[in-house]
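Just below is one structure, and these are the notes that go with it.
The values are calculated or read from the model by the stated rules, or taken from the named source; none is laboratory data. As the structure is a prediction and not an experimental result, all values here were calculated from the model. Every residue, glycine among them, receives a Cβ derived from its backbone with ideal geometry; neighbour counts consider all protein chains shown. Just the protein is used for accessible areas: all its heavy atoms, side chains included, with ligands, DNA and RNA removed. Shrake-Rupley method; radii C 1.70, N 1.55, O 1.52, S 1.80 Å.
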Amino acid sequence: MAGTQETTRLEPEKQRLLKHHTEKHFTAGEVVRDIIIGVSDGLTVPFALAAGLSGANASSSIVLTAGIAEVAAGAISMGLGGYLAAKSEADHYARELRREQEEIVTVPDIEAAEVAEILAQYGIESHEYAPVVNALRKRPQAWLDFMMKFELGLEKPDPRRALHSAVTIAVAYVLGGLVPLVPYMFIPKATDAVVASVVVTLVALLIFGYAKGHFTGNKPFRSALQTALIGAIASAAAFAMAKAIHP
């Protein structure tokens, strides 16, 4: 709504330019981050657990039972962690918002000086930023939004962010965690199932790592190799430790 009101104040020529310009920025960063957290842990932790139990000569049914239990517990734990993290961000924003509101009312001259200081950091001269400072002082809500974003570096969080984060991470963890367990559903002998699990999971890690690199702006092939390498090291360590303890 605010964006619409601001657009109506622009000159017709600027409105025409904005109307015909399409932004290509990636804006789903938080969702992608949650998916990456859930899938990366989901692929790696149950994979290492299944490999470790296979190294201890457990049957496929035991590996599958333990793996599913771990996926369920891990999804709940990871989802709760995502919920608490997002809730903490929202609480922090609310506290700082109240503090900034009080300061704008009680010490407006100091806050105005801070606006001038922020603008000066961008190379704007005093005769250029003075009208901006005065304009903000006449618009308390815009002034508050400016201080939250440019002084404190805080963006207003989505009130549904905590729940969405929890669900996204939990579902992503389950989807990732089931991948290394699929072979144990069809192959009774764990020593054979673990070979299939390694192949399937490494392929999934490569695909996931490539997609992660693509969406985060990193080199996709490098990201794919790094992700697969981490999973391979974790599972190899678990398998070797289990073999050492239970030859």
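Results, tabulated for the structure shown:
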item	result
Lys, Arg +1 and Asp, Glu -1 on Cβ, resulting dipole of the chain about Cα centre, debye, nearest 20	980
Mean separation of Cα contacts under 8 Å, 6 or more apart, over the residue count of the chain: relative contact order %	37
Fraction of accessible area attributable to carbon and sulfur, the stretch 79-137 (%, probe 1.4 Å)	56
Segments 223-232, 150-159 sorted - mean Cβ within 10 Å per residue, highest first	223-232, 150-159
Solvent-accessible area per residue, Å², over the chain with all protein chains present [probe radius 1.4 Å]	62
D (Stokes-Einstein, µm²/s), Kirkwood Cα radius, the stretch 103-247, 1.567 mPa s at 4 °C	63
Carbon + sulfur, % of accessible area of the stretch 163-247 - ligands and nucleic acids excluded, 1.4 Å	78
Unit charges on C-beta of K, R, D, E only; dipole of the stretch 142-247, Debye	180
Label selected from (i) 19.8; (ii) 18.4; (iii) 12.8, the criterion being mean projected area of the Cα convex hull in nm² as computed here	(ii)
